[in-house]
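Single-structure report; data block below.
Every read-out reported here was derived from the displayed coordinates using simple, explicitly stated rules and does not represent laboratory data. None of these values were measured; they are calculated from a predicted model. Neighbour counts run over all protein chains shown; Cβ positions are idealised from the backbone, glycine included.
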Amino acid sequence: MSKVVLITGGSRGIGAATARVLAAEGYDVAVNYAGNAEAAAAVVSEIQAAGQRAIAVQADTADPAAVKTMFETVDRELGPLTALVNNAGVITQRGRLDELTDETIERMIAVNIKGYIHCTREAVKRMSTKHGGSGGAIVNVSSGSAHLGSPNDSILYAMTKGAVNSLTVGLSQELAKEGVRVNTVAPGLVETDMPGPEAIARRAPSLPTGRAGQPEEIAHGISYLLSEKASYTSGANLRIAGGRI
């Protein structure tokens with residue numbers, strides 16, 4: 001049976017790195033993107049050149065109808081889903097909580113929480129033995145900010161990632177006897193465009209390692225949690241943060 005993974009937010013950063021790592025391990029990959037079709041196409045081309053099947057699928061994960069269509073596309077073009085990486089997330093505004101706009105609050109909750117719920121619901125309908133599936137694994141990409149709180153910068157983002165952690169704990173137990181494992185990775189400071197180069201330069205020296213992480217270092221943690229090497233691991237939160245607690 002082919003290994004088929006859908007990676008939300010798979011066109012850049014941790015998502016793109018995960019797509020490359022999993023393709024090298026024999027997965028066929030669906031690369032979800034919200035708006036950057038060119039970046040998604042580049043990741044797909046790289047995977048195809050390496051000999052694996054890959055498709056780009058556009059969907060705003062905050063939209064349940066779009067998510068349903070995306071999963072149907074994966075069913076049709078790649079076959080039965082065996083893994084999901086919930087990675088798509090946004091920080092639309094930084095600053096104190098009392099400075100955030102209504103639009104910021106609604107959008108971050110819609111993508112960072114509801115998006116994970118929409119995608120997980122569709123994945124469970126396909127992978128759970130209760131629904132006739134053959135099992136599978138889900139990895140939710142959270143953040144160390146969930147327990148650090150991120151005051152004066154991104155409290156709302158931290159809150160949404162705390163919700164992701166709770167989703168993992170509950171689902172891991174709900175699905176334990178249905179062949180689906182659910183785990184979380186919680187990256188620290190990683191060199192992607194979400195923190196940006198200025199934040200990386202400012203914050204990296206204070207880390208125990210003295211540097212920010214690379215997207216590939218997070219991707220390998222995701223790969224482990226999806227693999228059979230983690231067959232007894234469900235409900236875990238794997239902190240990948242250069243020694244920062």
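For a straight C-alpha distance cut-off of 18 angstrom, the lysines reachable from Lys161 (same-chain residues fewer than eight places away being disregarded) are Lys114.
Magnitude of the Cβ-charge dipole of segment 3-240, K/R +1 and D/E -1, about the Cα centre, nearest 20 debye? Show your work: numbers first, answer last.
On the way: 22 positive and 24 negative charges, 128 e Å.
So the magnitude is around 620 debye.
Which one, Leu175, Met108, His118, projects farthest toward the positive side of the charge dipole computed for the chain from Cβ point charges (K/R +1, D/E -1)? Value: Leu175.
With r as the distance between the Cβ atoms of Asp98 and Ser134 and R0 = 51 Å, compute the FRET efficiency 1/(1 + (r/R0)^6) and round to 0.05.
Efficiency, from the Cβ-Cβ distance: 0.55.
Taking the centroid of alpha carbons for each part, segment 39-63 and segment 179-236 are 21 Å apart.
Once the C-beta distance of Ala199 and Ala65 is scaled by a Förster radius of 51 Å, the resulting FRET efficiency is 0.90 to the nearest 0.05. In the chain, the longest principal axis of the Cα atoms and the axis of helix 155-174 are about 30 degrees apart. Note on the chain: with a GNM built from Cα contacts shorter than 10 Å, the maximum mean-square fluctuation among Asp102, Asp28, Asp153 falls on Asp102.
Straight-line cross-link reach from Lys177 at under 22 Å between alpha-carbon atoms covers these lysines, not counting any fewer than eight positions away in the same chain: Lys3, Lys125, Lys130, Lys229.
Compared with the dominant Cα axis of the chain, that is its longest principal axis, helix 215-226 is turned about 40°.
Can you compute the helix-only [θ] at 222 nm over the chain? Use -39500 (n - 2.57) per DSSP H run of at least 4 residues, normalise by all residues, nearest 500 deg cm²/dmol. Please list the in-between numbers first.
Numbers: 9 runs with 104 residues, N = 245.
Helices in the chain give a 222 nm mean residue ellipticity of -13000 deg cm²/dmol.
The residue list Val44, Ala236, Ala88 was ranked by how far each Cα lies along the charge dipole of the chain toward its positive end, using unit charges on Cβ atoms, and Ala236 comes out on top. With respect to the chain, whose longest principal axis is taken over its alpha-carbon atoms, helix 115-127 is tilted by about 20°.
When Lys and Arg each count +1 and Asp and Glu each count -1, what net charge do the other residues less than 11 Å away from Arg12, Cβ to Cβ, add up to?
Around Arg12, the surrounding residues sum to -2.
Taking the square roots of 5 times each eigenvalue of the Cα gyration tensor of the chain, largest first, gives ellipsoid semi-axes of 27, 19, 19 Å.
The simple Förster model, with R0 at 35 Å and r as the Cβ-Cβ distance, assigns Leu207 and Arg76 a FRET efficiency of 0.20.
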